[in-house]
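Input: a single structure, listed below in C-alpha cells.
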Amino acid sequence: MKTTVLSILMILSLTYVGLLPKAEAVSPPPDGGYPGGNTAEGQDALLSLTTGTYNTATGYLSLKSNTTGSFNTAIGAGALLFNTADQNTATGAAALLSNTRGSFNTADGEAALFFNTTGARNTAVGASALQSNTTGNFNTANGASALFSNTTGTDNTAVGRVALNRNTTGTDNTALGVDALFSNTTANSNTAIGRAALSSNTTGTNNTGVGRVALDRNTTGTDNTPSVWMRSLAIPLPTATRPLEELRSLATPLAPTTRALEEPRSPVTPLAPRTRP
C-alpha cells in the first residue's frame with residue numbers, strides 16, 4: 001500500500017514539474033566558463049591550465065602559466081602570471097606576478113608581492129606592498145610600499161605607508177604608523193607604534209618605541225623601551241635595582257613662573273642725596 005501511494009505521489013510531482021513553464025537562460029549566455037569550475041576572461045588568461053580547478057582569471061595574461069594549481073583568483077593584467085601553486089589571491093596589475101610555488105598569499109594592489117616566488121602565507125595590501133619579497137613567509141604589509149624591500153624576512157607586520165620599507169631579512173618586527181621602522185634592514189624583534197617611531201633604526205634589536213618619533217634617532221642600539229611621560233620628565237628608565245616609585249621621586253617639580261598677585265612688594269628705600277665736599 002505504501003509503495004503504491006509513493007508511486008502515485010512521484011507521478012503527480014513529475015507531472016506538475018513538466019507542466020511548469022520552461023525557464024529562459026540568460027541571453028547572451030556568459031562566456032569564460034571552463035570545466036572544473038574555472039573561469040577565464042582576457043587574452044591568454046589561464047592559457048596553460050590542465051587539471052587545476054576552481055580558478056578565476058580576469059585580465060591579460062592572468063594565471064597564464066597555471067597548470068595544476070587550484071583555488072586561485074587573479075584579477076588584473078599579469079596577476080599571478082607564473083603561478084603553479086594553490087590558493088593565492090591577486091588583485092591588481094602585476095600582483096603576485098612572479099609567484100611560482102608560494103601558496104596562501106593575498107596581494108591587493110598594483111605590483112603587490114611582485115617578486116614573490118615561493119613565499120607563503122603573506123598578505124600585502126597597497127601598491128608595491130611587499131614588492132621585493134621572494135621567499136619570506138607570514139608577513140603582513142598594509143600600506144603603499146610597506147615592507148617594500150623585504151626579501152626573506154618572516155613574521156613581520158607593517159601597517160602604514162612605507163612602514164618597514166627597507167627591511168630585507170629582519171624578522172618578528174612590528175611597525176604601526178607612517179615611516180615606522182622605515183630604515184630597519186636586518187634587525188629583529190622591534191616594535192614601533194606611531195609616526196616615524198624607530199624610523200632610523202637599522203640593525204638594533206629588541207627595541208620598543210611607542211609614540212610619534214619615539215626612538216627616531218636610534219640606529220643600532222638594542223633593548224630600548226622609552227616611555228613618553230618619562231622622557232618629558234627626564235626620568236631614567238626603571239631597572240631591577242631602581243624601582244619605578246624611586247625614579248618618580250627623582251623628578252624635580254617645576255618652579256613657579258609667577259608670584260601670587262596678593263604677595264606684598266617690599267618697600268623701596270630712597271637714596272640719600274649726595275653733597276659735594
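The values are calculated or read from the model by the stated rules, or taken from the named source; none is laboratory data. This is a predicted model, so every value here is computed, not measured. As a convention, Cβ positions derive from the backbone with ideal geometry for all residues, glycine included, and neighbour counts pool all protein chains shown.
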Those residues of region 149-191 which are in a strand (DSSP E or B) and closer than 19 Å to Ala124 by Cβ, in sequence order: Thr157, Ala158, Val159, Thr174, Ala175, Leu176
Identity of the residue in region 175-197, of a type in the set (Gly, Ala, Ser) and closer than 13 Å to Gly160 by Cβ, that ends up nearest to the chain's Cα centre (by Cα): Ala175
Some residue of region 139-148 being surrounded by fewer than 24 Cβ atoms within 10 Å (Cβ to Cβ), in a loop (DSSP other than H, G, I, E, B), of a type in the set (Val, Ile, Thr) and modelled with pLDDT of 95 or more: no
Qualifying positions in region 206-218 - closer than 10 Å to Ala187 by Cβ and surrounded by fewer than 19 Cβ atoms within 10 Å (Cβ to Cβ): Asn206
